[in-house]
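Since the structure comes first, as structure tokens, the remarks are kept for the end.
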Amino acid sequence: MKTVEIVERIEGEAKLNCSWDNNVISDARIDFLNFRGFEFILEGKAPLDALVYTPRICGICGQAHLKATVDALENIYENINEKLEVTPKAKLLREIGLNIEIIDSHIKWFYMFILPDIIKLKQNDLGIYQPLKGSRWLGASKTASETIKSLAILGGQWPHTSYMIPGGVVTDPTLLDLSSMMNYIDTAVMFFEKSVAGVSFDKYLDFDSRDDLNILSGDMKYFTNLAFENSFQKIGTSHNRFIALGESSLFKTGKIRQRAINKLDLSKVREFTEQTFTIEDRANPKKHTWSKAVCYDNNFYETGPLARAMIGNKPFIKELHKSFKDSVFTRVMARMDELAHLLDNTKSLIKQVDISEESYIKPKINLKDIDSAKATSVVEACRGSLYHDIEIEKGKIKKYDVITPTVWNLGPSHKEQKGIAQKAIIGSKSLDIAKIVLRSFDVCSVCTTH
Amino acid sequence: MTNNKKPTVVWFQAITCNGNTHSLLSANSSRLELFLNSFDLIYHPSLTIDKSLNEILESKDEIDFLLVEGAISKNSDFFTISDETTNVLLNKLTSKAKYLVAVGSCASYGGVHAKFEQNDNVVGLEESLDKKSTKNLKHEIINLTGCPVHPEWIIQTLFTLNNFGKMAIDEEGRPKELYSTLAHHGCTRNEYFEWKIEGAWGEKEGCLFYDQGCRGPMTHSSCNKILWNDVNSKTRAGMPCIGCTETDFPRDNMLETKKNIGIPFEVPTGISKRAYLSITGVAKTFTIDRLNKKLMD
Ligand code: SF4
Ligand code: SF4
């Protein structure tokens, strides 16, 4: 038997094609049928305009695209031997902005995209978690909107600001601004303590064993109970391989196949298109999605918070992974655990900002005067590793390639290997479960196909 | 709220980045709560859980407010939702609606997505609607331009339409009350603009009109009157206005000022270039300590 299901309530839409055998999904395919052509749009544009365009690839992770673009443009300078000087202040303000966006996204994802579906498996009344109405849903939405104010202080607004620019940032916060930012982050810390984990923040940050699950009492506990009732600790496992391309003060670059390796060779990142539509080729029966497949050294790797926790040695999640592998349960817990560490990290980054430093140091050369150059950048975004690759010719963008985290996780199969989410879905006993497995990756179809 | 029949709102997403959805979710939380209490948002593809788009389409009920995020296309090679083109879905939904609101620049006129030339059919609502579908509309289409649109503009528009049934709109279909003033109004850099003191990236001081490409004086919006996320605006922070509420957005070279022998190519709306240049010349002769010094010194 085969079924096709349209999955809503992700960012955008996806189509899930399943084959069934004895009431279990024996094969799955995910189609992303929409394409907006950002890479084509960017061709021929002024390099700086990419700072305005790429954040608009996605309404929820635009700052990651902005950071990737600014890094790529700065790497262009480096590749023509004009390495820019960027002050620690500017670097901090960029990292803080990106962190805040991830915090916003993680809160929304848990309460808006995943929890309602899981609760629905058991009961019809979602109670306080009811979308748009329940007090906890509203509390989460309020927390997200308060938190994002701290990014608006830097960027002037969120979504869609382009406050990072080659040479630094456009903004020059005062001490008072920094303290307000800290206040907004504290709103989220309070929400985390009271509602998300139900334990004090410091205590949570010390979690390092499976037994700590028993100390949880908030929505993570509620989730844990529901997860065990539905065996989410056993389902949704994939290749159990992890990658993180980017790095920051919180995240480490690396991959884990059999063992952890902290050095990556970006030339081993390759995209494949056997199953991917192209503008010229939509009728080919072999092709079924606009998403490309991406591999590192010809293997699929999962990217995202679970991968970052594994590579970055986050004790609590590593312990959970020992027992529950790359299951839906571990994946969801990793994202919520990352939320705590991001909050902690962001506060300490804000404290480190020295407002007496310059925000911006002007590059000596204008990008428009560059005859020909190429560069790549990698950034850790909400959903995992984001890669940008740019080529400039005669002062204009000649080629722009974007590989989003969701391409790593949700892209189609390649040769003999199943894609990450595809493999994770196989074995699900119902469509509802399959959708939850899919959602455990934090699906963003707008990013996947861009 | 004693009246239990609240006006229904359907939020349809077409070709978009979801930025307007996240803008709405970033609204002032008590405003958002009041909005959710006063209206019945019966469908939003990523937020609601009770009904599917198909159920909305099959239902005989009218939709009081149809909100559309994203551009529309007839081309099914590049974009479909539940196997239909966004154009077909939009027309079906509109024929049930009383009010139609384009949320954001993409829905209003195509926006960023219309720059994807390989799909030659990416347009805003107005262009993609059949006459037949708009028969039941009680009002002209309202275009809330902006990339994204400010959440408060959405909330104010819906409350106003609901309370008064009409709004004055400009030639682009935008509510005059929100779009008749310029982004420039209320910018904290205005004094620098008046005295022609140029800004630089990364500074609190100076105006971004002369080098950084600020479109504040030519852009109809209330960004500096109704602050973003309650706290700021791009130009206050130091980022130029890129004119995202105007139909020529996105333009080329948005982060620099187009100049002709050192003189801005375009001058603020409503003044002749010659007059503007003479004022500039005079203004530049003054040295105003307060403005020429760093604010924090
Ligand atoms: S920065 Fe822009 S909006 Fe602000 S005063 Fe200058 S021109 Fe006007
Ligand atoms: S200030 Fe200008 S660019 Fe910014 S949101 Fe308003 S209209 Fe758009």
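The values are calculated or read from the model by the stated rules, or taken from the named source; none is laboratory data. Only a predicted model underlies this, so the values are computations on that prediction, with no experimental measurement involved. Heads up, the Cβs are rebuilt from the backbone with ideal geometry, glycines too, and the neighbour counts pull from every protein chain shown. Each accessible area value is taken on the protein alone, full model and side chains, heavy atoms only, with ligands, DNA and RNA left out. Shrake-Rupley method; radii C 1.70, N 1.55, O 1.52, S 1.80 Å.
Some observations on this one:
- Within the range B:196-219, being in contact (Cβ under 8 Å) with a residue 40 or more places away in the chain, open to solvent by less than 20 Å² (accessible area, probe 1.4 Å) and not charged (D, E, K, R) holds for B:F209, B:Y210, B:Q212, B:G213, B:C214, B:P217.
- Which listed residue, of A:K364, A:K374, A:K429, is open to solvent by 40 Å² or more (accessible area, probe 1.4 Å) and not in a loop (DSSP other than H, G, I, E, B): A:K374
- Any hit, the range B:63-78, residues being among the hydroxyl-bearing types (S, T, Y) and surrounded by 24 or more Cβ atoms within 10 Å (Cβ to Cβ): yes
- Top-ranked residue in the range B:79-91 [being open to solvent by 40 Å² or more (accessible area, probe 1.4 Å) and of a type outside the set (A, V, I, L, M, F, W, C); ranked as nearest to the other protein chains (Cβ to nearest Cβ)]: B:D83
- Hey, B:I226 open to solvent by 20 Å² or more (accessible area, probe 1.4 Å) and farther than 30 Å from B:E140 by Cβ or not: no
- Within the range B:154-179, tally of residues that are touching an Asp or Glu at 6+ places or on another chain (Cβ under 7 Å) and either at pLDDT below 95 or part of a strand (DSSP E or B) (or both): 1
- A residue that is facing chain A (nearest Cβ under 10 Å), part of a strand (DSSP E or B) and closer than 23 Å to A:G62 by Cα occurs nowhere in the range B:42-59.
- Single unsatisfied condition, B:G165 versus (1) of a type outside the set (D, E); (2) closer than 29 Å to B:D289 by Cα; (3) more than 11 Å from ligand 2 (Cβ to nearest atom): (2)
- Residue check for B:S222: over 28 Å from A:A46 (Cβ atoms) and more than 14 Å from ligand 1 (Cβ to nearest atom): no
Okay, residues lined up against (1) surrounded by 17 or more Cβ atoms within 10 Å (Cβ to Cβ); (2) within 14 Å of chain A (Cβ to nearest Cβ); (3) in a loop (DSSP other than H, G, I, E, B):
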{"residue": "B:C106", "(1), (2), (3)": "yes, yes, no"}
{"residue": "B:E127", "(1), (2), (3)": "no, no, no"}
{"residue": "B:L137", "(1), (2), (3)": "no, no, yes"}
{"residue": "B:G146", "(1), (2), (3)": "yes, yes, yes"}
{"residue": "B:E152", "(1), (2), (3)": "yes, yes, no"}
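- Those helices (runs of 4 or more DSSP H) lying entirely in the range B:189-297 with at least 2 residues away from chain A (no Cβ under 14 Å), within 15 Å of ligand 2 (Cβ to nearest atom) and under 21 Å from A:Y163 (Cβ atoms): B:190-194
- Filter result (touching a residue at least 12 places away in the same chain (Cβ under 8 Å) and open to solvent by 10 Å² or more (accessible area, probe 1.4 Å)) within the range B:236-254: B:R236, B:C241, B:C244, B:E246, B:T247, B:N253
- Which listed residue, of B:F164, B:F159, is more than 16 Å from ligand 1 (Cβ to nearest atom), out of contact with any strand residue (DSSP E or B) (no Cβ under 8 Å at 6 or more places or on another chain) and open to solvent by less than 70 Å² (accessible area, probe 1.4 Å): B:F159
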